[in-house]
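Quick notes on the structure that follows.
The values are calculated or read from the model by the stated rules, or taken from the named source; none is laboratory data. Since we're looking at a predicted model, the values are computed, not measured. Note: ideal-geometry Cβ built from the backbone for every residue, glycine included; neighbour counts use all protein chains shown.
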Amino acid sequence: MEIQYSKRIKLMHALCLTDTLSMDEARLNADLNDYDALAAADYLSCYITFRAIQTAERSPQAERADNFDMLSVYQAYALLVYAFLTMPLAQEDIAPNLQAAQITIAKTLFAGLSDGELIEIVEAGVSKFQLIGDATAEHWSEFRENLDKLTVAFVIAGTDEDSPHDKAEILPLFGQLLSQLCEAFDNI
């Protein structure tokens, strides 16, 4: 029997949450019905983006002072991941809320920043997200396609025991794609 995508994404949420908690905190609710698919997408987009930033050896703290606009690139990347995580939910009549997600993502990725800084990051991130989404150049189409495939592979790897890959194998690839995105916006 094929597992519903919404259940897969909820399971990934629970598994990734477990990865980030200490042994004392790791008492999670195992009932997937208590998880929300869109909240799972919010969490996973941030989780993947955090891991991508780490893998790419980026420093948002330093960039806040030296290259503030790069924070909006991280925001755009997380929004792209969110979009790819939520697209399959449409088959289950679950509609994503990009407006709410962009705020949740910004507050999660950039906790501790002022409201003014968060607003600037969200606005610039959405502009970059739309620019990437609307771009017709082959390299942008290829980037979107690669990120989409990688996002789906991540969910499958974490929730299907027959997957040829492990989610730990896939996470570094997110860092490579983030590096490409950062490089593209550094050159603009």
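For the structure I just gave you, tell me whether residue 148 is touching a helix residue (DSSP H, G or I) at 6+ places or on another chain (Cβ under 7 Å), at pLDDT 95 or above and within 24 Å of residue 16 (Cα to Cα). When the stated conditions are applied, residue 148 passes them.
Assess whether residue 122 counts as being over 19 Å from residue 43 (Cβ atoms), free of Cβ contacts under 8 Å to residues at least 60 places away in the same chain and part of a helix (DSSP H, G or I). So residue 122 fails the test.
Cβ separations smaller than 9 Å between residues 6+ apart or across chains give the following pairs from the range 51-64 residues that are closer than 25 Å to residue 17 by Cβ and at pLDDT 90 or above to residues that are among the charged types (D, E, K, R) and surrounded by 13 or more Cβ atoms within 10 Å (Cβ to Cβ): 52/58.
Of the residues making up the range 89-125, those that are of a type in the set (A, V, I, L, M), within 19 Å of residue 68 (Cα to Cα) and within 14 Å of the chain's Cα centre (by Cα) are 103, 105, 106, 109. Does the range 82-92 include one or more residues that are of a type in the set (Gly, Ala, Ser), surrounded by 13 or more Cβ atoms within 10 Å (Cβ to Cβ) and not in a helix (DSSP H, G or I)? No; the residues of the range 82-92 include none that is of a type in the set (Gly, Ala, Ser), surrounded by 13 or more Cβ atoms within 10 Å (Cβ to Cβ) and not in a helix (DSSP H, G or I).
Among the residues making up the range 127-183, those that are exposed (fewer than 13 other Cβ atoms within 10 Å of the Cβ), in a helix (DSSP H, G or I) and not polar (S, T, N, Q) are 134, 138, 139, 142, 145, 149, 168, 183. Could you go through the range 99-107 and let me know if any residue there is out of contact with any Gly (no Cβ under 9 Å at 6 or more places or on another chain), polar (S, T, N, Q) and surrounded by 16 or more Cβ atoms within 10 Å (Cβ to Cβ). Within the range 99-107, one or more residues are out of contact with any Gly (no Cβ under 9 Å at 6 or more places or on another chain), polar (S, T, N, Q) and surrounded by 16 or more Cβ atoms within 10 Å (Cβ to Cβ).
Scanning the range 165-178 for residues that are more than 21 Å from residue 19 (Cβ to Cβ) and out of contact with any His (no Cβ under 7 Å at 6 or more places or on another chain) turns up nothing.
Filtered by the rule that a residue be part of a loop (DSSP other than H, G, I, E, B), of a type outside the set (D, E, K, R) and either on the phi > 0 side of the Ramachandran plot or in contact with a Lys or Arg (Cβ under 6 Å, 6 or more places away or on another chain) (or both), the range 32-65 gives a lone residue, 35.
Is it the case that the range 127-139 has a residue that's closer than 17 Å to residue 44 by Cα and among the basic types (Lys, Arg)? Within the range 127-139 (the criterion being closer than 17 Å to residue 44 by Cα and among the basic types (Lys, Arg)), the answer is no, since none of the residues qualifies. Between 181, 177, 150, the distinction of being free of Cβ contacts under 8 Å to residues at least 60 places away in the same chain and not β-branched (Val, Ile, Thr) belongs to 150 only.
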